[in-house]
Every structure is written in structure tokens, then in C-alpha cells.
Amino acid sequence: MKIVVVCTGNICRSPAMEVLLAQALGDSVEVTSAGTAGMPTWPVSPPMAQLLLSENPELADAVNCFRSRPLTEKLVNEADLILTATAAHRADVLALNPLALRRTMSLGELARLSTAVDPVPWADADTPAQRLTKLVPLAQAARHKFAPAAAQTDDIIDPYGRGDEAYSHSYRQINAHINTLLNSLRR
């Protein structure tokens, strides 16, 4: 399974999402990232890199080797699942390929909706990739269970240029969404 995670510059939120999801989901899933206004060859922004490495020193190679890239139609077309930092990024993905609708959601939306899915029969879904393949359409079908206002908490704030507290807040949001998703995949 190929997952592409998307934010704006591909130097703060999506690199964090990429390395944390890749670590959590393991080898059955290939996770990459890109930015709607990607800044080719830029590394992970230092404050986000520091947050990632302070809690996950084993990610040093992934964080230090990371380089930003722009989102392309090719990346969208090749992805099995596209997870964005915000609803606006989702719209940007769909502008590149409207047919990606059923496989594009914000990370926060997928995490939130996954909690509304009744336990999924995982009998024939041993890997995270197989479980995600089953979970995504069930989560999308659960959208009707939430008021539109619930989506306001899905977006991950953009910390770029906003100081350490904004980076910390963004990082906590990413971790919370990933942990919620992982808990849903384990039930």
C-alpha cells in the first residue's frame, strides 16, 4: 500500500506525519510525503526535527535524509491513500485529480471517523495495509454520524514561522491523530 501525506511546504507537518506513520505501520505500507507548495530539497524544519528526534531518536536517519518535494498529479495517481494535514490540502489534491476523492482525506478526519466504525472483522487482514484498506471506506461511510462542526478539529495547524509553541501544538495534533488511527486498526 502506498500512502502520500500532504501539507503545504512539506517541511513541517507532512514530514512528521510521514516518518511517524512509516514507523507505526511498518513494512506493509510505503509512506511518502509532498507539499502543495513543496520546497524542493529543503530538510525538515529544525523545530519539527527536534520534536521528532527528542521522542523518537531511532528516526534520525529518516529525519536527517528527508527532503521536501512538490505534490504532483503522478504522486496522487500512484497513491492508494492520500492523507492531508487540512481540508484545504484535500481540495488541492482533488484539484490535481478529482478521481482521488475516495482515497483522499485529512489525517484528522480519518482518525475521527475511524472511532465511529464498529469493530472491523480483521480475520483476513493481518497487516496494517490490509486493515487500512478495510477501514478507509468504513470510516468514510461513518461521516453521517458527525455534525459538520466536528470537522473543525481535524486540521493540523501550520507551525511554520510561528514559534516553538505552535510546533509543539502541531506535533501533538499529529501524534493524537496517528494514535487514534492506530487504536482503531488494533481493535
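The values are calculated or read from the model by the stated rules, or taken from the named source; none is laboratory data. Since the structure is predicted, the reported quantities are computational estimates derived from the model, not experimental observations. Cβ: placed from backbone, ideal geometry, glycine included. Neighbour counts: every protein chain shown.
If the condition is being without any contact (Cβ under 8 Å) to a residue 12 or more places away in the chain and of a type in the set (Ser, Thr, Tyr), then segment 44-62 contributes only Ser54. When each of Ala100, Ala111 is tested for being in contact with a His (Cβ under 6 Å, 6 or more places away or on another chain) and either surrounded by 16 or more Cβ atoms within 10 Å (Cβ to Cβ) or at pLDDT 95 or above (or both), the lone residue that passes is Ala111.
In segment 36-87, the qualifying residues are those that are at pLDDT 95 or above, within 12 Å of Asn10 (Cα to Cα) and β-branched (Val, Ile, Thr), and the one that is surrounded by the fewest Cβ atoms within 10 Å (Cβ to Cβ) is Thr36.
Of the numbered criteria (1) at pLDDT below 90; (2) over 23 Å from Val29 (Cβ atoms); (3) under 16 Å from the mean Cα position of the chain (by Cα), the one Asp158 fails is (1). Taking the conditions (1) more than 18 Å from Thr180 (Cβ to Cβ); (2) touching a helix residue (DSSP H, G or I) at 6+ places or on another chain (Cβ under 8 Å); (3) of a type outside the set (A, V, I, L, M, F, W, C) in turn, Lys74 satisfies each one other than (2).
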